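Asks: Handing you a structure now.
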Amino acid sequence: MKFAGFIFCLLVICANSVLMKDDQDFKILDEMENALSSKNTTLSFEDIDKMIYEQLTKEKTDKQEESSKAEGLKMVQQILNDELPQKNSQQDVQAVKEKRKADDIEYIAKLFKEVFDSQKKEDGQAVEKKEYGQAVEKQEDGVETVGKKEKEDEAAVEEPVCEDELSTQDCYDLAYNGSCTDPKTSKQTLKVCKRSCRVCCADNEKSQTCKLLKTLRNPMSICQMANTHERLRITCTKTCQYCAKAMTEVPCIRSKYGCCWDGSIAQFHIGTMEDGCPACRDYGGEKFCKSFQPDCKERYTLKGEQIRALCPMTCQRCGVFKKCADNPRLQDTCGLLRNDGACQSMFNAMKYNCPKTCNICHKATIDCKDTRFGCCENGKTIAKDPSNSSCPECHDDITSPVAKHCKRLVAHRVCKTHSAFMRKYCGGSCKFCTK
């Protein structure tokens, strides 16, 4: 019993050490938040990089020690486990031996496969090189073969280097201040600060932070912090996966009427009764969505994506109070495409992915006056039915701080005494459109 208790204690210690190791990357988040928030945002690139690097390395030694302890306890546990079968039945001992034998065979087979694949690859490359060389040397009627010409062409083309022409500090300042995507300055800035503006994808080689981030179990937890992501987008672009991405080629962007709010294909002009788009509602329930509403603003994290998918109305992805915003993953791409005239030439695609950058969030493909039920009271929004129930004045304005007081105002009969005010902010609670 004492021996079994000793083994149990060791297992608990090992489990705790592994959990501590998993949490190492997250222990530094609060310290970095406090350190960066207490500093002036005009710090130089070297100061910021040094600050982040020091915060990361502060936990590095402890992390390595915990890792060593975990490995040591794991070895002790394995030794003790090896001794346990001796106290059990002969059948258990045989089963353990068979399992070890099977594991050894599997390991050896895997090792041999890696060696074989590696050798096969090297041999294949050698054969291709030999055949290529023979093709180059071979000449027919004094004319060089195509193989030789292709080889010379390849040698003449050098792989482009992703770097800035200006100093690290100058390009960092330009990128941080939005010069890369500003239509007035982007043309010149993109030429001299290709790396910092993410025209190409590479980390700043002078940054020790980028090198250290690569050693962490979960570097994205640092990259996505509120106080660091804007800086790390410029400094550690590749490691933090902030390179400009291509647009997702969803089928709706090539359709006649474009995309519904959820990415489905619109059957008619967006906003009309016949558009065929799904109703705007929360799928997670009212209580759930209100509890996690702050996560709607998480632009770069998985939990942000999940909440926006489960609670589209609460997160203002749809409906009359839809928030005007670009796809967070295309933040850099949108600016580059706008500067190339894509807002006009790729209207449906940009309307779905980059409406804020193109300033077309509320731009419809048809005038509300030409639709079946005409315009809402604001003269811009398309009415979907005779009662105008889809119009802004028929809903509480969830974007306004007044919305949370609507029920209280209704109880005090403010709908009658100040109807214009209530129609603007508390139309749904006052039920103006159902009267």
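Asks: If I filter segment 346-359 down to residues being among the hydrophobic types (A, V, I, L, M, F, W, C) and farther than 20 Å from Met313 by Cα, which single residue comes out as surrounded by the fewest Cβ atoms within 10 Å (Cβ to Cβ)?
Replies: Let us first name the residues in segment 346-359 that are among the hydrophobic types (A, V, I, L, M, F, W, C), namely 346-347, 349-350, 354, 358.
Narrowing further to those that are farther than 20 Å from Met313 by Cα: 346-347, 349-350, 358.
Details: Met346: 19, Phe347: 16, Ala349: 21, Met350: 23, Cys358: 20.
Within segment 346-359, the match that is surrounded by the fewest Cβ atoms within 10 Å (Cβ to Cβ) is Phe347.
Asks: Related question: Looking at Gly271, Gly263, which is the one that is part of a loop (DSSP other than H, G, I, E, B), in the same structural domain as Cys358 (by the TED database) and exposed (fewer than 15 other Cβ atoms within 10 Å of the Cβ)?
Replies: Unique residue meeting the criteria: Gly263.
Asks: State which residue is farthest from Met313 (Cα to Cα) when the search covers only segment 275-299 and only residues that are in contact (Cβ under 8 Å) with a residue 24 or more places away in the chain and part of a helix (DSSP H, G or I).
Replies: Lys290
Asks: In segment 176-199, which residue that is at pLDDT 85 or above and of a type in the set (Gly, Ala, Ser) is nearest to Gly341 (Cα to Cα)?
Replies: Residue satisfying both the conditions and the ranking: Ser179.
Asks: Something else now. With the requirement that a residue be farther than 24 Å from Ser167 by Cα, in a loop (DSSP other than H, G, I, E, B) and at pLDDT 75 or above, what does segment 214-249 give you?
Replies: Lys214, Thr215, Leu216, Arg217, Asn218, Pro219
Asks: To continue, here is another question. Counting only residues that are more than 17 Å from Gly319 (Cβ to Cβ) and either touching a residue at least 40 places away in the same chain (Cβ under 8 Å) or aromatic (Phe, Trp, Tyr) (or both), how many does segment 379-422 have?
Replies: Filtering segment 379-422 down to residues more than 17 Å from Gly319 (Cβ to Cβ) leaves 379, 386, 401-402, 404-405, 407-422.
With the extra rule that they be either touching a residue at least 40 places away in the same chain (Cβ under 8 Å) or aromatic (Phe, Trp, Tyr) (or both), the set shrinks to 421.
Selection size over segment 379-422: 1.
Asks: Follow-up. In segment 169-215, how many are under 13 Å from Lys238 (Cβ atoms) and more than 22 Å from the chain's Cα centre (by Cα)?
Replies: The number of residues fulfilling the criteria is 2.
Asks: While we're here: For Lys303, state whether it is outside the structural domain of Cys197 (by the TED database), closer than 20 Å to Val320 by Cα and either at pLDDT below 85 or under 22 Å from the mean Cα position of the chain (by Cα) (or both).
Replies: Answer is no for this residue.
Asks: Just checking, does segment 194-211 include any residue being in a loop (DSSP other than H, G, I, E, B), in contact with a strand residue (DSSP E or B) (Cβ under 6 Å, 6 or more places away or on another chain) and within 21 Å of Cys354 (Cβ to Cβ)?
Replies: As a first pass, look at segment 194-211 and keep what is in a loop (DSSP other than H, G, I, E, B): 194-207.
This time we only want the ones that are in contact with a strand residue (DSSP E or B) (Cβ under 6 Å, 6 or more places away or on another chain), so: none.
Looking through segment 194-211, none of the residues is in a loop (DSSP other than H, G, I, E, B), in contact with a strand residue (DSSP E or B) (Cβ under 6 Å, 6 or more places away or on another chain) and within 21 Å of Cys354 (Cβ to Cβ).
The values are calculated or read from the model by the stated rules, or taken from the named source; none is laboratory data. The structure displayed is predicted, hence computed values, not measured ones. Glycine gets a Cβ as well: all are built from the backbone with ideal geometry, and neighbour counts include every protein chain shown.
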